[in-house]
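Beneath this line is the structure, given in structure tokens, with notes to follow.
The values are calculated or read from the model by the stated rules, or taken from the named source; none is laboratory data. Everything quoted here is computed from the prediction, not taken from an experiment. Cβ atoms come from the backbone with ideal geometry, glycine included; neighbour counts cover every protein chain shown. Accessible surface areas use protein heavy atoms only, side chains included; no ligands, DNA or RNA. Shrake-Rupley method; radii C 1.70, N 1.55, O 1.52, S 1.80 Å.
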Amino acid sequence: MTRPSPPAGGRMIVKVVIAGGFGVGKTTAIGAVSDITPLRTEELLTTRSAATDSLHGIEEKSTTTVAFDFGRVGWDAPTPVELYLFGTPGQPRFWDFWHDLAAGASGAVVLADTRRIAASFHAADFFEQLGMPFVIAVNRFPGAAPRSPAEIRESFDVDDSVPLMFCDARSPDSVAAVLLALIQHAALQLQTPPSLLDAL
Ligand SMILES: Nc1nc2c(ncn2[C@@H]2O[C@H](COP(=O)(O)OP(=O)(O)O)[C@@H](O)[C@H]2O)c(=O)[nH]1
Ligand SMILES: [Mg+2]
């Protein structure tokens, strides 16, 4: 876990990773909230990837992230902070690359789609093993059966110490609320002495 960089222009620079399975809305979320035109590495999905990249439930998806997404968003209140957002590619064949994307990050958002929740299990396991603070944000798609936070926690096998919230990846306010929750969560963990964490 990395401490944020010293303030630049009054705002603390914090690197954040947006991870989760294929098609859960990572690219959409970064595009919704970014103050700059996001850098995207989208490629058209072709029939050649049909066997590995299942589009079940996300049939409208026509492109996929092949390297990473990058966006930037900042606030002066409640905390002056500038977030550098790095979105991972979702497919298992790109998982090795996640270590590079996570280097120097202070926290992560694990984005999930309740219709295909298992697609985001790897992301939660990855940040848990890395010891990086993360929150789970459940992107609500139309037609998804309602699931309670308790059910979703049970599926992810996480307790109340991991913040969990619902969101709409297309909504700037909704994505900003998720990011603020992550920053608060990460700040709390950074303030907790490692020795105390070990004792818990
Ligand atoms: N209805 C709905 N569609 C969404 C939402 N978020 C993303 N999508 C759509 O779902 C598809 C997958 O989103 P994308 O951001 O590419 O997923 P990624 O693979 O995680 O980057 C795209 O066609 C989006 O337009 C959402 O909150 N609601
Ligand atoms: Mg993407």
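State whether the residues of segment 84-103 include one that is hydroxyl-bearing (Ser, Thr, Tyr) and open to solvent by less than 10 Å² (accessible area, probe 1.4 Å). Even if it seems obvious, please write down each step before you answer.
Step one: list which residues in segment 84-103 are hydroxyl-bearing (Ser, Thr, Tyr), which gives 84, 88.
Remaining after also requiring open to solvent by less than 10 Å² (accessible area, probe 1.4 Å): 88.
Yes; the residues of segment 84-103 include at least one that is hydroxyl-bearing (Ser, Thr, Tyr) and open to solvent by less than 10 Å² (accessible area, probe 1.4 Å).
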Subject >> Answer residue from segment 11-39, given it is open to solvent by 50 Å² or more (accessible area, probe 1.4 Å) and not in a strand (DSSP E or B) and is nearest to ligand 2 (Cβ to nearest atom) among those >> reply: Thr28
Subject >> Where a residue in segment 20-32 is over 16 Å from Phe134 (Cα atoms) and of a type in the set (S, T, N, Q) and its partner, wherever it lies, is more than 8 Å from ligand 2 (Cβ to nearest atom) and outside any helix (DSSP H, G or I), with Cβ under 6 Å and at least six apart >> reply: Thr28/Ala169; Thr28/Arg170
Original post:
Of the residues that make up segment 148-171, is at least one assigned to a helix (DSSP H, G or I), within 11 Å of ligand 1 (Cβ to nearest atom) and under 16 Å from the mean Cα position of the chain (by Cα)?
Top reply: no
